[in-house]
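The values are calculated or read from the model by the stated rules, or taken from the named source; none is laboratory data. Keep in mind that what you see is a predicted model, and the values were worked out from it rather than measured. Note that we place each Cβ from the backbone using ideal geometry, even for glycine, and neighbour counts take in every protein chain shown.
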Amino acid sequence: MDKAQIREKLFTHTVTEKLYLQNTDGPPSDFFENFDSYLNEDADRVYRYTFEKILKSAEERQKERAAFIEGSQLLLLKHARFSYTPLHVHDFIEMNYVYSGNIDIIIDGTEISLKEGDFCILDTGVCHRILDTGENDILINFLMRKEYFSTHMLSRLASNSIITQFAVNALSKTQKHDRYLLFNTTNSEFLIDAIEGMLVNYYEPSSYSKDVTDAYMIILFSELLKAFQQKQSSEHRKADHSYIGDILLFIEKNYQDCSLQQIADTFKFNPSYLSRFIKSQTGKSYVALVQELRLNNACILLKNTDTPIESISEQIGYQNVTFFYQKFKQAHDMTPHEYRMSSN
């Protein structure tokens with residue numbers, strides 16, 4: 001199955017969609033009745049969706065992919081057009097992507113409109129429902145166990161980059177406050193390719209499809225982080241404020257030899273104020289950020305190259321190799337040579 005066939009498959013009516021079109025009251029289905037429910041403050045019934053029950057249902061309905069789906073921490077499902085979705089909460093992270101058309105969602109009593117290219121990430125326990133959808137409204141649902149979202153995605157993304165670390169932390173704080181996140185990625189062909197690549201591997205799985213899907217998910221979240229950073233930077237510029245992400249990106253590009261004074265001159269800050277600003281926004285001093293970048297890149301070079309340690313020290317900005325050894329051992333409790341040997 002290629003990507004053109006994926007597009008065709010997404011727009012082809014499924015059995016469920018055909019039933020809804022034939023019966024405006026909906027097909028005879030007790031799907032959500034399988035879940036526990038409660039009455040909210042407005043006396044509306046709210047269903048508690050669980051990952052385990054949805055996974056079991058997917059295994060039963062998609063027998064040709066049952067072996068691939070079994071025990072999975074990630075499910076990809078196309079939302080059934082023309083269907084009724086009741087108010088519900090769930091014990092997993094849900095990410096909705098509008099592949100085509102427009103989607104209206106009620107989240108905690110507020111109606112939110114999503115257009116083609118938009119993403120919405122919902123935390124666990126958020127009460128919501130998808131409103132009526134039409135022929136051209138294609139919504140892809142990514143259902144993730146919480147540990148998959150945090151361990152597979154965010155921790156791997158934030159491992160080596162201070163700008164990505166900052167974006168991940170900012171996103172986490174936003175999600176804890178609002179309990180959902182919205183992203184606009186209109187016209188991102190790179191991201192559409194990743195999603196269609198995931199769907200190819202999901203609909204026709206092979207022995208390596210799970211690894212490929214994880215790789216695509218890293219690409220997807222990287223693109224979402226980039227969109228988040230660009231939005232934050234644009235909003236700060238409109239308000240004539242400096243965005244810490246721009247400063248961190250400058251440090252990341254010039255960590256080998258940049259100074260606090262150089263950064264202050266570039267962004268028109270007083271050096272003392274800049275030092276306090278970096279600390280207040282990241283929780284780390286300028287010196288600590290630069291050292292973290294240098295040592296992270298040293299680890300990459302030690303793991304993946306045969307470059308002499310003295311040359312690595314110079315490449316990352318330490319002219320004194322003894323000082324590099326000292327800082328590396330403080331951070332990793334072993335020497336650079338021991339780290340290289342353990343990695344091999």
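Structural remarks
- Here Lys279 passes the criteria (1) of a type in the set (D, E, K, R); (2) within 30 Å of Ile6 (Cβ to Cβ); (3) surrounded by fewer than 17 Cβ atoms within 10 Å (Cβ to Cβ) except the one numbered (2).
- Filter result (surrounded by 15 or more Cβ atoms within 10 Å (Cβ to Cβ) and not in a helix (DSSP H, G or I)) within segment 265-276: Phe269
- Candidates Leu77, Leu10, Leu19 - the one that is in the same structural domain as Thr213 (by TED's automatic domain parsing), touching a Gly at 6+ places or on another chain (Cβ under 9 Å) and not in a loop (DSSP other than H, G, I, E, B): Leu19
- Reported count of residues in segment 38-63, each being part of a loop (DSSP other than H, G, I, E, B), modelled with pLDDT of 90 or more and of a type outside the set (A, V, I, L, M, F, W, C), is 5.
- Of all residues in segment 293-313, those satisfying the criterion of being loosely packed, with under 15 Cβ neighbours inside 10 Å and either more than 21 Å from Asp257 (Cβ to Cβ) or charged (D, E, K, R) (or both) are Lys303, Asn304, Asp306, Glu310.
- Of the residues making up segment 300-339, those that are within 31 Å of the chain's Cα centre (by Cα) and without any contact (Cβ under 8 Å) to a residue 60 or more places away in the chain are Leu301, Leu302, Lys303, Asn304, Thr305, Phe328, Ala331, His332, Tyr339.
- If you check Lys238, Lys231, Lys210 for being more than 15 Å from the chain's Cα centre (by Cα) and modelled with pLDDT of 85 or more, only one passes: Lys210.
- Among (1) more than 30 Å from Gly125 (Cβ to Cβ); (2) of a type outside the set (D, E, K, R); (3) in a helix (DSSP H, G or I) - the single one Ser207 does not satisfy: (3)
- For segment 297-336, the tally of residues that are of a type outside the set (Asp, Glu) and not in a helix (DSSP H, G or I) stands at 10.
Condition check ((1) surrounded by 17 or more Cβ atoms within 10 Å (Cβ to Cβ); (2) within 24 Å of Lys284 (Cα to Cα); (3) touching a helix residue (DSSP H, G or I) at 6+ places or on another chain (Cβ under 7 Å)) across all residues:
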position: Glu196; (1), (2), (3): yes, no, yes
position: Ser209; (1), (2), (3): yes, no, yes
position: His236; (1), (2), (3): no, yes, no
position: Glu252; (1), (2), (3): yes, yes, yes
position: Tyr255; (1), (2), (3): yes, yes, yes
position: Ile263; (1), (2), (3): yes, yes, yes
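- Which numbered condition Thr85 misses (of (1) touching a Ser or Thr at 6+ places or on another chain (Cβ under 8 Å); (2) outside any helix (DSSP H, G or I)): (1)
- The residues listed here are Glu235, Glu292, Glu223; of these, the one that is over 30 Å from Leu182 (Cβ atoms) and either in a helix (DSSP H, G or I) or in contact (Cβ under 8 Å) with a residue 60 or more places away in the chain (or both) is Glu292.
- Picking from residues in segment 185-204 that are in a helix (DSSP H, G or I) and hydroxyl-bearing (Ser, Thr, Tyr), the one that is farthest from Ala4 (Cα to Cα) is Tyr202.
- Test: Ala215 is in a helix (DSSP H, G or I), modelled with pLDDT of 80 or more and in contact with a Phe, Trp or Tyr (Cβ under 6 Å, 6 or more places away or on another chain): no
- Any hit, segment 53-76, residues being touching a residue at least 12 places away in the same chain (Cβ under 8 Å), of a type in the set (Lys, Arg), buried (at least 16 other Cβ atoms within 10 Å of the Cβ) and closer than 20 Å to Glu17 by Cα: no
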